[in-house]
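What follows is a set of notes on a single structure, which appears directly below.
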Amino acid sequence: MLTTLSLSEDPDVLLAGHARTLDGAYREVGGRLIVNDDVRIDDDRKIHLTGLKALEEPPSLADLRTRSTAMLPRVDLPEVILEVMTWVPELAASFTDSPLTVVFIPFRELTPGTTDDAGRSRIA
């Protein structure tokens, strides 16, 4: 197997190569941080980046978003979960064997200020 993958039998050779590559990458990035005014490192050694200005959205992107959204089917979250449960039997089994009851409430029914037929608030 190692021959097929062109790997040495000694893992130290592979790890040393990766260590050199990683060290080189760290040193290259570190060297660029010194001259980059958009990056600073505070006393706690946390990296802070200057925010980028937003680019204007090209019309082609807006058109693509509109067209791709129109192609997606409108589904409710419970339908999606039930569909996924048919693909992954272990997921369905985990709900079946659990003492937990899962209740799906449509988002529109979680609107603050709405009440049920008895006048009780739907948000508890």
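The values are calculated or read from the model by the stated rules, or taken from the named source; none is laboratory data. Everything numeric in this text was worked out from a predicted model, so none of it was measured. FYI the Cβ positions are ideal-geometry reconstructions off the backbone, even for glycines, and counts take in every protein chain you see.
Below, the figures for the structure above:
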| item | result |
| --- | --- |
| Among the residues listed as 54, 25, 16, the single one being modelled with pLDDT of 80 or more and part of a loop (DSSP other than H, G, I, E, B) | 54 |
| Residue tally, condition surrounded by 10 or more Cβ atoms within 10 Å (Cβ to Cβ) and either free of Cβ contacts under 8 Å to residues at least 12 places away in the same chain or on the phi > 0 side of the Ramachandran plot (or both), over the stretch 67-88 | 7 |
| Of all residues in the stretch 30-49 being β-branched (Val, Ile, Thr) and assigned to a helix (DSSP H, G or I), the one that is modelled with the highest pLDDT | 35 |
